[in-house]
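The next block holds one structure in the form of structure tokens; read it before the comments.
The values are calculated or read from the model by the stated rules, or taken from the named source; none is laboratory data. What you see is a predicted model; the values in this text were computed from it and never measured. No Cβ is skipped: glycine too gets one built from the backbone with ideal geometry, and neighbour counts run over all protein chains shown.
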Amino acid sequence: MTNLTTNSTDNSTTGSTPVSTTPVRRMLGGRTMRLLVAMVIGALTGLAVFAVTQITGRNLFIITGAVAGAVAVTVFQLYGRAARLSEVKVTVPQLSEFTFVVNNDARQVAWHLFVETATRVSTQPLAPDEGLIREAMNSLYSLFGTTRDILKESRPSVAATGAQTVESMALAMLNQELRPFLSGWHPRLREFETAHPDDPESAWPDNAACRAELRTVQRHIHAYALGFARLAGVHDADTLISSRNS
């Protein structure tokens, strides 16, 4: 009787409450159940493997053929998903609207090209009295090299009848936009920088003309970036580029 009274007094004095063991039991029960399920699955798997190893003759060929057929169907389905084609219409600057037929591989290439074109100075407008032409030109040179590397590392797309490929669009950007601008203006800017190493870029007599042509190229690169986004399945690409440039 005394012991019961003392225990009741201690609990009321310290304010402690009994700890429920229900969550602990549930956790142990869950782990035990998963362990039992894993053991059953392992046992059944071992039994199945043992049974197959005991099969000989015609039954062995039947089971082997069934497994090979299941693997072949799975591989075919995966390849079919990767090779699935979709038709996309894209307007290419200085050309016209073209129809592109792309699969997952082409979409991946288009995604890489979109990231490269949309995240560089090459798509940002250069105000007449802001920024440096040299910085923009270096960005265009880097875009040129990166685009070539992406094309070299990817497998060439199989062109459908009357359709263009993502590679043809990328090559058009290189050969009709970047190459003419860089080959025409880079030597002239470098000549000025060499002859006047201490002068600011604004003192270059061709500064205004180069900036005007640069803005045209940047508008075209922006259009190419949107085209790559369409081929890659990117939504609201214009908003993404505009938010970065703002």
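A few notes on this one:
- Unique match (being assigned by TED's automatic domain parsing to the domain that holds residue 149, in contact (Cβ under 8 Å) with a residue 24 or more places away in the chain and surrounded by fewer than 16 Cβ atoms within 10 Å (Cβ to Cβ)) among 193, 201, 177: 193
- When the test is whether a residue is farther than 22 Å from residue 142 by Cα and modelled with pLDDT of 90 or more, residue 235 does not pass it.
- Yes/no for residue 231 being over 30 Å from residue 102 (Cβ atoms), among the hydrophobic types (A, V, I, L, M, F, W, C), touching a residue at least 60 places away in the same chain (Cβ under 8 Å) and assigned to a helix (DSSP H, G or I): no
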